[in-house]
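First comes the structure, then the notes that go with it.
Derivation of every value follows stated rules applied to the coordinates shown; laboratory data play no part. All figures in this text were calculated on a predicted structure; none of them were measured in a lab. No Cβ is skipped: glycine too gets one built from the backbone with ideal geometry, and neighbour counts run over all protein chains shown.
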Ligand SMILES: Cc1cc2nc3c(=O)[nH]c(=O)nc-3n(C[C@H](O)[C@H](O)[C@H](O)COP(=O)(O)OP(=O)(O)OC[C@H]3O[C@@H](n4cnc5c(N)ncnc54)[C@H](O)[C@@H]3O)c2cc1C
């Protein structure tokens, strides 16, 4: 079968960001090539947690989530307190979250984009951008991925399009190649996770542990970071821990060692031990607070992790990845209908503007938040005195899980709206 190597849009990476953009563009009739270096169904290093914001994006995409594992809120544990915070039912957000293993989520999304007409090619590694003499990105160079048994192409191949999207995750290979370096003054997280068979798989809450001890509580040493445990269904829980630093120059910490120590000290009835662990313990970086910009210039869009879109408040990035795909497609579709080059570029610039309008001020607040909680003693104080205060926790819950509406809402929502408008956009 022959296939054209030219398209309207090339999308690099079939994660949530890339598949979302590919779906929305293909659905409206654009010729989209979606290039993914791995086979579908390959695991991702992720907590697999989907907050109501992510659920909203999935609903907007039209994905059928009726059989997916749902949860009803966050259980926050720290300083001797346990607080359950249900996801609030709101006009703009559903009152439930979900969890879905990335082996399934990413495959669902990539196939969904393909069904809408995107030309999905797996086992294809994008190696470099193709640029014009004027510095505009006009395509990509690729090669078959060595470890993939049946790559969609068998030899190095060039693909061209007037619009290229880097949705290749934290590596952001295209962005890096054109000199869009990450801003080292923006927060960066690191997290590790593993799956376990556990009775906790029946739990309906997503649990966050704000303190990690290397022994019995208050008797051992407090370890840096925060932990999570939640069900992904089928008797499995995703267990992880992460920490965040206000700059990219984080202290070198052996997170895998901390994880092992923490797990060894969890209650026996949780059943978290080497015998119940399923698969490897794996770690990855979390690029946060728009640490790579501009999100659009010279024909190249940055989406999701490639644009550093993970929330500095909670380490969540799937909702933002899906949203960035939607917003990028909106700008691309508007540009298609413009008659002049100037008009097209103006329409494409709507994408970074929309991101800033939605998340800019919020992420500036997030940077302040990280600079506070990266000090364990501040975190400790907040946990000890904040957790028992219900009104304060309602505010914190909405702020941290990005479940505040951008307009309207209640007094808590208004306060967050005012705060995020008072600061410069990230
Ligand atoms: C330990 C950990 C836990 C996390 N937990 C959560 C959580 O519970 N909830 C949440 O919302 N977020 C979580 N995140 C963040 C979340 O995983 C990311 O924000 C999200 O995956 C970003 O989606 P993306 O589409 O931008 O990038 P990715 O999901 O990384 O997708 C990028 C895709 O591009 C492909 N690719 C990369 N390079 C190339 C190339 N050169 N050529 C072709 N294809 C390429 C990759 O194979 C991949 O499929 C966590 C992150 C970590 C590290």
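Some values worked out for this structure:
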{"read-out": "Nearest-ten-degree value, helix 318-336 long axis tilted from longest Cα axis of the chain", "value": "20 degrees"}
{"read-out": "Shape category assigned to segment 141-202 from the gyration tensor of Cα positions, a/c cut at 1.5", "value": "oblate"}
{"read-out": "Estimated 222 nm signal from helices in the chain, with DSSP H stretches of n ≥ 4 weighted -39500 (n - 2.57), rounded to 500", "value": "-9500 deg cm²/dmol"}
{"read-out": "The chain: angle of helix 390-400 to the longest principal axis, Cα-based, in degrees nearest 10", "value": "30 degrees"}
{"read-out": "Volume of the Cα convex hull of segment 79-122, divided per residue and given in Å³", "value": "137 Å³"}
{"read-out": "All Cα pairs of segment 234-315, percent lying beyond 17 Å", "value": "61 percent"}
{"read-out": "Sequence of 259, 395, 290 once ranked by neighbouring C-beta atoms within 10 Å, starting from the fewest", "value": "395, 259, 290"}
{"read-out": "Antiparallel %, DSSP beta bridges [both residues in the chain], to 5", "value": "70 percent"}
{"read-out": "Cα long-axis angle, helix 102-115 against the chain (0 to 90 degrees, to the nearest 10)", "value": "30 degrees"}
{"read-out": "Estimated FRET transfer efficiency (residue 111, residue 410; beta-carbon r; R0 35 Å; 0.05)", "value": "0.35"}
{"read-out": "Computed lengthening from residue 92 to residue 60, 0.36 nm per intervening residue step minus Cα-Cα distance", "value": "10.4 nm"}
{"read-out": "Cα-projected label distance for residue 337 with residue 278, points at 7 Å along beta-carbon direction, nm", "value": "4.7 nm"}
{"read-out": "Rg and Dmax of segment 112-229, Cα atoms only, in Å", "value": "21.8, 64"}
{"read-out": "More than 25 Å apart - percent of Cα-Cα pairs taken over segment 1-144", "value": "40 percent"}
{"read-out": "Ellipsoid equivalent to segment 266-389 - semi-axes via the Cα gyration tensor, in Å", "value": "38, 20, 11"}
{"read-out": "Kirkwood Rh, Cα atoms: Rg over Rh of the chain", "value": "0.97"}
{"read-out": "Label point distance in nm, residue 134-residue 345, each placed 7 Å from Cα along Cα→Cβ", "value": "0.7 nm"}
{"read-out": "Relative contact order of segment 15-94, pairs being alpha-carbon contacts under 8 Å that are 6 or more residues apart, as %", "value": "20 percent"}
{"read-out": "Mean separation of Cα contacts under 8 Å (6+ apart) over length of the chain, as relative contact order %", "value": "19 percent"}
{"read-out": "Spacing of the two label points (7 Å from each Cα toward its C-beta) at residue 184 and residue 392, in nm", "value": "3.6 nm"}
{"read-out": "Calculated log₁₀ intensity ratio I(q)/I(0) where the Debye formula runs over C-alpha points of segment 176-278, q = 0.22 Å⁻¹", "value": "-1.14"}
{"read-out": "Length gained when the stretch residue 6-residue 146 is fully extended (0.36 nm per residue, less Cα-Cα span)", "value": "48.0 nm"}
